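Okay, so here's the structure we're looking at.
The values are calculated or read from the model by the stated rules, or taken from the named source; none is laboratory data. These numbers come from a predicted model, not from an experiment. Here Cβ is always computed from backbone atoms with ideal geometry, including for glycine, and neighbour counts include all displayed protein chains. Accessible surface areas use protein heavy atoms only, side chains included; no ligands, DNA or RNA. Shrake-Rupley method; radii C 1.70, N 1.55, O 1.52, S 1.80 Å.
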Amino acid sequence: MMYRFHLFFSSLCVLVLGMLVSCNTSHTLFHDGVSEYTIVLDGQTSGIEQYAAQELQYWVEQVSGVSLSIVNGPAEGKCLILSTLDPGGREDGFVYYSKGADIHFEGRGPRGTLYSVYSFLEEELGCRWYSSKVSVAPHQDSWKFGKLRREETPGILIRDNCVLDVRSNPVFSARMRNNFIRIPSPDGKGTLEGSAEGYWGVHALGYFLPANQYFATHPEYFCLRDGQRYGGYGQPCLSNPDVLQIVIEGVRRVMREQPDYLIYSVEQQDDQLYCECDACQGLSAKYGGESGVMVWFVNQVADAVREEFPDKFIGTFAYQYTRHAPKDIVPRDNVVIRLCSIECCLLHPYDACEQNQAFLKDLEEWSAIAPHLYIWDYVTDFSQYTLPVANWKSMQPHIRDFVDNHAIGILEEGDYQTVSCELRELRSWVLSKLMWNPDASMDELILDFTEGYYGPAGRYVREYLDLEERILMREGMHRNCYIGAADEIYTDEFIREGRRIFAGARKAVAGNPELLDRVETAEMPLCFLQMYKNPLWGFNEKADEVVRRTMEREGMDRLAEGAWAGGFMTVKNLLEHYDKLKEDLGNAESLPASLTSAPAEKGFRYVRYEGDFLSTTEMIRRGKVVDQGLTDHVFIDEDPETDHFGYVFKGVLEIPQEGMYQLRVLSDDGAVVFLDGKPMIAQDGSHSPQLSIRYLRLEKGYHSCEIRYFEDCEGQELDVTLMGEDGSDALIFL
């Protein structure tokens, strides 16, 4: 009979019947390195149950110093008995309980038996697995128990914590009760059967129908865009019957060759180039959009493989242009819809944020028609992995919304390519706990982790989380999973206060190098921000040294999922950039004050030009002057669609004290900045956003300033700042 997910979701939150301690009877599991107990595998056992017994043996020894024997079948004396109610089942629920002097560990399925062991080790013996590198097994001379009983059922059937530390460490993944990555077998030649519920592939339509194999001979298999078939990275023509047959045969082949997975991807490519041919658009009109076309196609694949694979599922995306639910068509009962939240604001619950209302509507509408709903969620910054993401108050409400809408699986995507995500261990640990128990206390989870992982610095890390909430979640702030360090959400106050907090954290663990490294890793994102916003400020407070030490110590290699304008993809490039900035700092030019007194009025004189020119020189020589006046700031107050204009701003800078200053110019297109009549930064010409930084030693007093800028076409941007070593701006006068 086909396995039905919904049979196991009548209770979607953890049921804890509790631990009751009898005052009349007490049993001793171990005392002073001695134990009378044996670990017993009850009945026919699989590899995963053997593994559960070995984990129980190992961690009890870490706590007590005594190694318990493992036997198959009945044993004399006091026993820790492991058994599975349904050896072939997929349920992860369990109960452990005492019966006389024995303790029974019963899983509804084999993984449940393993998780009962982990729950016992956590709840009774105080073990913790905070990361793949940091485990806690508190030593105890003796452990006694009376009446024990604890029963749990996971809130989510398939739990995928998609960060590198979990994905690349299956043993740690299992200890966190993630069930997406299979546990290696003891012989190292395979994995333990039943130890995970995998989802094969992603964006797999391109795998089944590669353009380099088919396009030359069958261009009709690929999307029609602007009247031509497209052979690049685009979508197939889903209405073409040959495409359907090729995909069906490809799916069958994968399912036969790789039978260990539960769900197999038939998902769109990672772009929005869907087919615009008449047949595809006819299906789109019939079924309420491109999501309807996808469901129509995937349903046929699911029907074709059902008989041969009655216990398997076909998965497809509700992503970007297919995110909305279709009309007049529903997915087959062996189809899984994987709904993606990539457009959402990470800071707020879905029902409390105007930017998330459309996704919440899609979630509810898919829940109403999809027999199995799977969520692909996003919890970090993919433009710059290391940036702070203040989603601590929204992760739990998001997961609860997924559970309330009957999700059978969640993929929580973090820094899956690297280990540079802000507070990655804490975020990963909390997410694993919430996917298992969506109703767990968030405050208790954070307290548990920060005290156990950071020791005496834990209270400072919690203070930093409060700072994130106060500043990064201030009124009017929203953020998705793709913003950069230049975003307005990150203020100088946030950096300054955050570094003050971490100074206290470092002091609290100064005598413990291991904890000090963990604190420094947590502080590194602030230092990264400080170096981005004002390297001079960062150098002055040794932010570059923190970034360098952390990235080298942690083995970080990349900083973003993909390249972006003005950023650094690799750690190597970033650190080379720091070296170049420091070299420039050593070669800084000195400028004496060129004016003897302040002007009578504050502000900038500006002249606005219009015309088709490709440099500021051309603009001044032949541009048409259309406006001029006085302003209190350098600005581009233009409609984003406006092209072919430019400005010249002239004013005076008051330098409050002699010292080193950073001149920073970000422009799209050309910009040239003069101080005291000398060109300091020249990034003229037509170009995309370009950032230049120059260090200057400026004498106290008044310095003339001229800024020239022009916009050719497409994007427009101008940001000119002059900052001191403490991050403060220089004063600007007319």
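Could you tell me whether the stretch 712-725 includes any residue that is modelled with pLDDT of 95 or more, open to solvent by 30 Å² or more (accessible area, probe 1.4 Å) and among the hydrophobic types (A, V, I, L, M, F, W, C)?
no
Which number in (1) open to solvent by less than 30 Å² (accessible area, probe 1.4 Å); (2) farther than 18 Å from V652 by Cβ; (3) at pLDDT below 95; (4) in a strand (DSSP E or B) marks the one condition that Y709 misses?
Here Y709 clears every test but (3).
If we keep just the residues of the stretch 469-486 that are assigned to a helix (DSSP H, G or I) and open to solvent by less than 70 Å² (accessible area, probe 1.4 Å), which is farthest from E554 (Cα to Cα)?
Among those that are assigned to a helix (DSSP H, G or I) and open to solvent by less than 70 Å² (accessible area, probe 1.4 Å), it is I471.
Does the stretch 487-508 hold any residues that are closer than 28 Å to Q357 by Cα and surrounded by fewer than 17 Cβ atoms within 10 Å (Cβ to Cβ), and which are they? First the steps, then the outcome.
Here is the first cut: in the stretch 487-508, the residues closer than 28 Å to Q357 by Cα are 487-491.
D487, E488, T491, listed by residue number.
Given (1) assigned to a strand (DSSP E or B); (2) of a type in the set (A, V, I, L, M, F, W, C); (3) open to solvent by 40 Å² or more (accessible area, probe 1.4 Å), where does V672 come up short, assuming only one miss?
It fails just one condition, (3).
So which residues in the stretch 637-669 are out of contact with any Asp or Glu (no Cβ under 9 Å at 6 or more places or on another chain), of a type in the set (D, E) and surrounded by 16 or more Cβ atoms within 10 Å (Cβ to Cβ), if there are any at all?
E654 - this is the single residue of the stretch 637-669 that is out of contact with any Asp or Glu (no Cβ under 9 Å at 6 or more places or on another chain), of a type in the set (D, E) and surrounded by 16 or more Cβ atoms within 10 Å (Cβ to Cβ).
Restricting the search to the stretch 62-91, which residues are open to solvent by 20 Å² or more (accessible area, probe 1.4 Å), farther than 15 Å from S195 by Cβ, assigned to a loop (DSSP other than H, G, I, E, B) and not polar (S, T, N, Q)?
G65, P74, A75, E76, G77, L85, D86
Filter the stretch 193-243 down to the residues that are part of a helix (DSSP H, G or I), crowded, with 19+ Cβ neighbours inside 10 Å and in contact (Cβ under 8 Å) with a residue 40 or more places away in the chain and list them by number.
Passing the criteria: L205, F208.
Can you tell me which residue in the stretch 615-635 is modelled with the highest pLDDT, limited to those that are under 27 Å from A598 (Cβ atoms) and either in a loop (DSSP other than H, G, I, E, B) or open to solvent by less than 40 Å² (accessible area, probe 1.4 Å) (or both)?
That would be G629.
How many residues does the stretch 247-273 contain that are open to solvent by 10 Å² or more (accessible area, probe 1.4 Å), closer than 21 Å to Q213 by Cβ and in contact with a strand residue (DSSP E or B) (Cβ under 9 Å, 6 or more places away or on another chain)?
Going through the stretch 247-273 one residue at a time, the tally reaches 3.
Identify, please: which residue in the stretch 148-167 is modelled with pLDDT under 95 and charged (D, E, K, R) and is, among those, most open to solvent (accessible area, probe 1.4 Å)?
My answer is R167.
Condition first: within 37 Å of the chain's Cα centre (by Cα) and under 20 Å from L121 (Cα atoms). Now tell me which residues in the stretch 84-107 satisfy that.
T84, D92, G93, F94, V95, Y96, F105, E106, G107
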